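First the structure, which I've put down as structure tokens, then a few questions once you've had a look.
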Amino acid sequence: MSCSSSPHLNLAALCVAFICSAAMAASPPPPAASPRPAQNPRYELIDVGSLGGLVTTAKHVNDFGEVIGTANTADNLSMHAYLWRDGQLEDLGTLGGNSSQGIKINNRGQAVGNNFNFNTHNFSSAFLYRNGQTQILPFDIAYAVNLQNQVVG
């Protein structure tokens, strides 16, 4: 269902990103003679908030619950990459473009994404965010970053 498909639903409530983390309850192995039914996973839904716009999407979550994604800004005309950790949503900006998107985050909290400028020749550049700093990378699109700080683009 898209966020605009029903006039009866609260758009602000529908258009936020929720993070689901499944955790299986630890239990001893069942006895061989008595099979047990599979346990259902438990989920925790977390509202990561917004950057003031109607749409926030989560793209990737690491093993520590840190989330990288994209959210509309208050004017709903551009989108910015964001990092969510420890209950705080951080706008990663655009580094000179008018929009950006967050793509992947590793277990060190290093994230990659892409900047876009749709007003001038659809300019695109990849970026790496680490230790509170964002740097432009020497290629157009980033897909992932590993624990050795190697970026695929």
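Looking at G96 and the list (1) at pLDDT below 80; (2) over 19 Å from I141 (Cα atoms), which single condition is not satisfied?
The failed condition is (2).
Let me ask something else. Scan segment 42-86 for residues that are in a strand (DSSP E or B) and surrounded by fewer than 16 Cβ atoms within 10 Å (Cβ to Cβ) and jot them down.
Taking segment 42-86 first, the residues in a strand (DSSP E or B) are 42-47, 51-61, 67-73, 79-85.
Of everything in segment 42-86, those that are in a strand (DSSP E or B) and surrounded by fewer than 16 Cβ atoms within 10 Å (Cβ to Cβ) turn out to be R42, Y43, E44, L45, D47, G52.
Take the conditions farther than 16 Å from L51 by Cβ and not in a strand (DSSP E or B) and apply them to G97. Does it pass? Walk me through how you get there before you give the answer.
Values: farther than 16 Å from L51 by Cβ: no; not in a strand (DSSP E or B): yes.
It is false that G97 is farther than 16 Å from L51 by Cβ and not in a strand (DSSP E or B).
Conditions: (1) in contact (Cβ under 8 Å) with a residue 12 or more places away in the chain; (2) more than 16 Å from K59 (Cβ to Cβ); (3) in a strand (DSSP E or B); (4) polar (S, T, N, Q). N114 meets all but one. Number of the miss?
It fails just one condition, (2).
I need a count of the residues in segment 47-60 that are closer than 9 Å to W84 by Cβ and hydrophobic (A, V, I, L, M, F, W, C).
Looking only at that region, the number is 2.
Quick check on this structure: which one of L128, L89, L147 is in a loop (DSSP other than H, G, I, E, B) and not polar (S, T, N, Q)? Explain how you work it out, then say what you get.
Values: L128 fails: in a loop (DSSP other than H, G, I, E, B); L89 fails: in a loop (DSSP other than H, G, I, E, B).
Result: L147 is the single residue among L128, L89, L147 that is in a loop (DSSP other than H, G, I, E, B) and not polar (S, T, N, Q).
Still on this structure, I have one more. Say whether the condition of being of a type in the set (D, E, K, R), exposed (fewer than 14 other Cβ atoms within 10 Å of the Cβ) and either touching a Gly at 6+ places or on another chain (Cβ under 9 Å) or farther than 19 Å from G53 by Cα (or both) is met by at least one residue in segment 133-147.
Our first condition is that a residue be of a type in the set (D, E, K, R); within segment 133-147, this holds for 140.
Applying the additional criterion that residues be exposed (fewer than 14 other Cβ atoms within 10 Å of the Cβ) yields 140.
In the following step, the residues that additionally are either touching a Gly at 6+ places or on another chain (Cβ under 9 Å) or farther than 19 Å from G53 by Cα (or both) were identified as 140.
Yes; the residues of segment 133-147 include at least one that is of a type in the set (D, E, K, R), exposed (fewer than 14 other Cβ atoms within 10 Å of the Cβ) and either touching a Gly at 6+ places or on another chain (Cβ under 9 Å) or farther than 19 Å from G53 by Cα (or both).
Hey, among the residues in segment 50-84 that are closer than 23 Å to L128 by Cα and among the small types (G, A, S), which one's modelled with the lowest pLDDT?
S78
The values are calculated or read from the model by the stated rules, or taken from the named source; none is laboratory data. As the structure is a computational prediction, the values presented were derived from the model and not from experiment. FYI the Cβ positions are ideal-geometry reconstructions off the backbone, even for glycines, and counts take in every protein chain you see.
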